[in-house]
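Have a look at the structure below, then the notes.
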C-alpha cells in the first residue's frame, strides 16, 4: 500500500481522542480496510518487522480499560479495541510502535472511527488474555475502537480539560527558528503537522531542528514520565512530520539516532 498522504493529513487535523463511544458494531468492510494498514509492515522508509504488531479485537467482550481516578477517565461503550504489541528485543521498538500505531489511528479516523491512545491506564492482566505474546513481547498500549458517541460524558470533558487536550506549544518552542529563512517550506509544514500529534497527557516531548539539510526530531529531555516512553510519543510525531513533508512534495527517509536525538528525516 502507498501512504494515503492527503487523507492522513486531513485525518491528523480532524482527529481528537475520544473516551466515549457508541456501542454499535463496526461494519466488516471497515475492519478489512483497517486490517490492511495493521498488516502493512512498513510505510515510507520505515519497516518494523517483528518490532511491533497491531491487533484488532473485533468483539471486545471483557473490559480492559480502567479509570484514572475511580471512574474518571474511563473508556465507555467501546465495542472493539486495538492492541499495540512491541518486542523489547528490537532496537527502537518504541519509536516504531508509535509511528505504526499512529498510522492505524489516522486510518481509523479516515474511516469515521473514534480512538484514543491508552498507555498507562488499562488492565494488562485482561489485555494479555486477548493475544498470544512472544517471550520478549509486551502490550505497550491499547485503544478503544468504535464509532464516536453523539455526546461526550462529563468525565470525558473533565479529562480533556485536565490534560489540556487541545492546547499545543507554540511552533517556536517546538522548533526554534522554524519561521526563519533557514527552514525550507516542507520542513515547516512537517513540524506544523507534528505539532498536533497526540502524546501522553499532552506532554509534547518532541523538539525539532533543521540541520545539514535534514529534519531532526529530539527529546525535550531523556527522563520518561507517566511510565510511558517519550520515544513512543516521538514515533507518533515522526509519522505526522512525514505526512506533512510528503503532502508538501518532500518524500524522504528516516534514520534513527541515539541519545537525546531520536531520528533524522532526509529528503
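For the reader, a short list of remarks on this structure follows.
- Boolean, residue 112 is exposed (fewer than 14 other Cβ atoms within 10 Å of the Cβ), within 18 Å of the chain's Cα centre (by Cα) and under 24 Å from residue 240 (Cβ atoms): yes
- Any hit, the range 207-214, residues being in contact with a strand residue (DSSP E or B) (Cβ under 7 Å, 6 or more places away or on another chain), within 26 Å of residue 10 (Cβ to Cβ) and in a helix (DSSP H, G or I): no
- Checking each residue in the range 1-14 for being in a loop (DSSP other than H, G, I, E, B) and modelled with pLDDT of 95 or more picks out only 4.
- Among residues of the range 24-47 that are more than 13 Å from residue 3 (Cα to Cα), those with a Cβ under 8 angstrom from a residue that is loosely packed, with under 12 Cβ neighbours inside 10 Å and at pLDDT 95 or above, sequence gap 6+ or separate chain, pair up as 25/59; 30/112.
- Evaluation of residue 34 against the conditions (1) touching a helix residue (DSSP H, G or I) at 6+ places or on another chain (Cβ under 7 Å); (2) farther than 17 Å from residue 112 by Cβ shows that the sole unmet condition is (2).
Residues checked against (1) in a strand (DSSP E or B); (2) out of contact with any strand residue (DSSP E or B) (no Cβ under 7 Å at 6 or more places or on another chain); (3) assigned by TED's automatic domain parsing to the domain that holds residue 124:
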{"residue": "74", "(1), (2), (3)": "no, no, yes"}
{"residue": "78", "(1), (2), (3)": "no, no, yes"}
{"residue": "81", "(1), (2), (3)": "yes, no, yes"}
{"residue": "85", "(1), (2), (3)": "yes, no, yes"}
{"residue": "89", "(1), (2), (3)": "no, yes, yes"}
{"residue": "97", "(1), (2), (3)": "no, no, yes"}
{"residue": "103", "(1), (2), (3)": "no, no, yes"}
{"residue": "106", "(1), (2), (3)": "no, yes, yes"}
{"residue": "109", "(1), (2), (3)": "no, yes, yes"}
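- Test result for residue 222, farther than 17 Å from residue 119 by Cβ and either under 18 Å from the mean Cα position of the chain (by Cα) or modelled with pLDDT of 90 or more (or both): no
- Scanning the range 226-257 for residues being more than 15 Å from the chain's Cα centre (by Cα) and farther than 10 Å from residue 186 by Cα gives a total of 8.
- Where helices (runs of 4 or more DSSP H) fall entirely within the range 135-195, those with at least 3 residues that are within 27 Å of residue 209 (Cβ to Cβ), within 20 Å of the chain's Cα centre (by Cα) and modelled with pLDDT of 95 or more are at 185-194.
- Selection count, the range 243-267, where residues are closer than 17 Å to residue 209 by Cβ and part of a loop (DSSP other than H, G, I, E, B): 7
- Some residue of the range 248-258 being buried (at least 18 other Cβ atoms within 10 Å of the Cβ) and modelled with pLDDT under 95: no
The values are calculated or read from the model by the stated rules, or taken from the named source; none is laboratory data. All values derive from a computational prediction rather than experimental measurement. All Cβ positions, even for glycine, are placed from backbone atoms using ideal geometry, and neighbour counts span all protein chains on display.
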